[in-house]
Amino acid sequence: MFLFEVYVFLVLFYSSSGLKLAIASADPKILGGDDAPDGAIKYQVSLQNVGSHFCGGSIIDKKWVVTAAHCTYNRPAQSFKVAVGINKLSDEGQKYTPDKVIVHEKFDEKLFTNDISLVKIESGIELNDRVNPVGLPTTNINPGDTLVLTGWGRISNDGPLPNKLQIVEVTAITTNQCKKKYSFYKQPITPKHLCTRAPPREGSCQGDSGGPLVRNGTLAALVSWGTRNCGHSLVSPDVNTRVYSFVNWMKDTMKKN
């Protein structure tokens, strides 16, 4: 059980027999977003189970995608697909079956700390004018920085997923500001988190988990968790995994695998 009503921004799907096809307890589309320009977000991927989107992710290398650990935790590598080069979920694009999933060894499934994982495509992702990696950060994000969030998360609480990729700008806040907003709860906020806020009815929602927040062409954060009511980040900030804190882990892991 979670320490309070935290909802990871993952989507659950069920087969016709009623069996759960995705892992986790769930509740983040991007709220208040606009349609992303076709082909502009070249690093964005959709993780799909039986053709259904459940999480986002980012291409960081020809053979590697990064996403949230809770998206891949206890999920066999060959049980899902990585769709690249699409702007609409209805687009065919190119789909790859992962060869390996590496969840951060200190990921805590209850506290959602170290919420990051790497997905390896051994054959390599075909790069083109619609598919290209995003850069990894060499400097940290500062409070007040504007980040570009993209994803196919729900457009309202428990609402439908959008067909078109959505894009919205959010603002980074300090760790202490974020801690104060969650001071009545026991869910930890650490410097490895990057909290963001946006105007009312904007921000991440179910289905955005693992997706990218980017600044100046580099990957700043991955969507991690929030409270049940999407679009209220001025009250309860959206909590993301700070990529800068994990760059060395990512590079070491890719080198060893």
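The values are calculated or read from the model by the stated rules, or taken from the named source; none is laboratory data. Owing to the predicted nature of the structure, the values given are computational and were not obtained by experimental measurement. All Cβ positions, glycine included, derive from the backbone under ideal geometry; neighbour counts span all protein chains shown. Ligands, DNA and RNA are stripped out before the accessible areas are found, and what is left, the full protein with its side chains, is counted by its heavy atoms. Shrake-Rupley method; radii C 1.70, N 1.55, O 1.52, S 1.80 Å.
A compact table of results
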quantity: Accessible area (Å², per residue) of region 87-238, counting only protein heavy atoms and a probe of 1.4 Å; calculated: 45 Å²
quantity: Sequence of 208, 34, 91 from largest to smallest accessible area, 1.4 Å probe; calculated: 34, 91, 208
quantity: Percent carbon-and-sulfur accessible area, the chain, ignoring ligands, DNA and RNA, probe 1.4 Å; calculated: 48 percent
quantity: HN-Hα J in Hz across region 118-125 - Karplus 6.51, -1.76, 1.60, θ = phi - 60°, x for Gly and Pro; calculated: 10, 10, 9, 10, 4, 5, x, 7
quantity: Simple Cβ-charge dipole of region 134-245, Lys/Arg +1 and Asp/Glu -1, about Cα centre, in debye nearest 20; calculated: 320 debye
quantity: Selection from 131, 204, 187 lying farthest towards where the dipole of the chain points positive, charges on Cβ; calculated: 187
quantity: Cross-link reach list, aspartates and glutamates versus residue 95, counting only Cα pairs under 15 Å and skipping chain neighbours closer than eight places; calculated: 122, 126
quantity: Cα lying deepest toward the dipole's positive end in the chain, options 165, 142, 59, charges on Cβ; calculated: 142
quantity: The chain, dipole about Cα centre (Lys/Arg Cβ +1, Asp/Glu Cβ -1), debye to the nearest 20; calculated: 540 debye
quantity: Within region 134-245, percent of DSSP bridges classed antiparallel, to nearest 5; calculated: 95 percent
quantity: Cross-link reach list, lysines versus residue 186, counting only Cα pairs under 18 Å and skipping chain neighbours closer than eight places; calculated: 110
quantity: Solvent-accessible surface (1.4 angstrom probe) belonging to residue 122, in square angstrom, nearest 10; calculated: 80 Å²
quantity: When each of 42/106; 88/192; 62/256 is checked by Cα-Cα distance, pairs over 24 Å; calculated: 42/106; 88/192
quantity: Of all DSSP beta bridges in the chain, antiparallel share, percent nearest 5; calculated: 95 percent
